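The structure appears right after this line, and notes come after that.
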Amino acid sequence: MSKIRLEIVTAERAIFSDDVDIVVAPGIEGEMAILPHHAPLMTVLQPGELRARKGGEEYSLVVSGGFLEVRPDRVIVLADAAERAEEIDIARAEEAKRRAEQQLAERYTPEVDAARAEASLRRALIRLKVAGRRRRRRPGA
Ligand code: ATP
């Protein structure tokens, strides 16, 4: 079966590099599925879950936005931040969620940047969702 190379990098590190069967990414206009031989394109990502499959292996990552480029032989993701599901620190995401919710509750005070708090809340909720799903699928993992 033909494969497509998936490379996910941030400014800090390379997170994923492998040949996969399919990539499902959180495009700015919704989820997009990329199979081998997909037409070249470039798009913006929104914060969300990025999934890839290779045979029976499923990979799940959180990307907090960035760019995705489809080239003839590869998909390149330049993410603002990205973590594999198993790397997500749940306590940290819960704390980020609590902080953002508190800021939103005080959104009319001049120090609070509501758009920033909303973006932070969205990232925390996605991290919790992806980490929680993994935990349910692999109890004890
Ligand atoms: P926090 O307020 O907890 O820093 P954040 O949403 O502001 O969260 P980002 O700016 O998206 O964090 O990411 C900063 C760095 O921290 C990135 O390298 C990102 O991968 C990592 N990161 C953020 N939250 C988590 C988490 N819950 N578990 C693991 N890594 C995380």
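The values are calculated or read from the model by the stated rules, or taken from the named source; none is laboratory data. Just so you know, these numbers come straight off a predicted model, no measurement behind them. Methodologically, a virtual Cβ is constructed for each residue, glycine included, from the backbone with ideal geometry; neighbour enumeration extends over all protein chains shown.
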*Can we say E58 is more than 10 Å from the ligand (Cβ to nearest atom) and assigned to a strand (DSSP E or B)?*
yes
_What are the pairs with Cβ atoms under 8 angstrom where one residue, in segment 1-15, is under 14 Å from E83 (Cβ atoms) and outside any strand (DSSP E or B) and the other, located anywhere, is of a type in the set (D, E) and within 16 Å of the ligand (Cβ to nearest atom)? Sequence gap at least six, or different chains._
T10/D80
_Residue check, A93 within 30 Å of D18 (Cβ to Cβ) and touching a helix residue (DSSP H, G or I) at 6+ places or on another chain (Cβ under 6 Å)_ = yes
*asked:* For L128, only one of the following conditions fails: (1) part of a loop (DSSP other than H, G, I, E, B); (2) not assigned by TED's automatic domain parsing to the domain that holds A25. What is its number?
replied: (1)
*Sole residue being over 25 Å from G132 (Cβ atoms) and touching a helix residue (DSSP H, G or I) at 6+ places or on another chain (Cβ under 6 Å), chosen from V62, V112*: V112
*Within segment 75-93, identify whether any single residue is away from the ligand (no atom under 16 Å from the Cβ) and either out of contact with any strand residue (DSSP E or B) (no Cβ under 9 Å at 6 or more places or on another chain) or assigned by TED's automatic domain parsing to the domain that holds A14 (or both), and answer yes or no.*
yes
*Only one of these conditions is not met by A105: (1) outside the structural domain of F16 (by TED's automatic domain parsing); (2) surrounded by fewer than 15 Cβ atoms within 10 Å (Cβ to Cβ); (3) within 19 Å of V9 (Cα to Cα). Which number is it?*
(3)
*Of the residues that make up segment 109-116, is at least one at pLDDT 95 or above, part of a helix (DSSP H, G or I) and within 10 Å of the ligand (Cβ to nearest atom)?*
no
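Would you point out which residue out of M42, M32 is loosely packed, with under 15 Cβ neighbours inside 10 Å, in contact with a strand residue (DSSP E or B) (Cβ under 6 Å, 6 or more places away or on another chain) and modelled with pLDDT of 95 or more?
Working: M32 fails: loosely packed, with under 15 Cβ neighbours inside 10 Å.
Every option except M42 fails the conditions.
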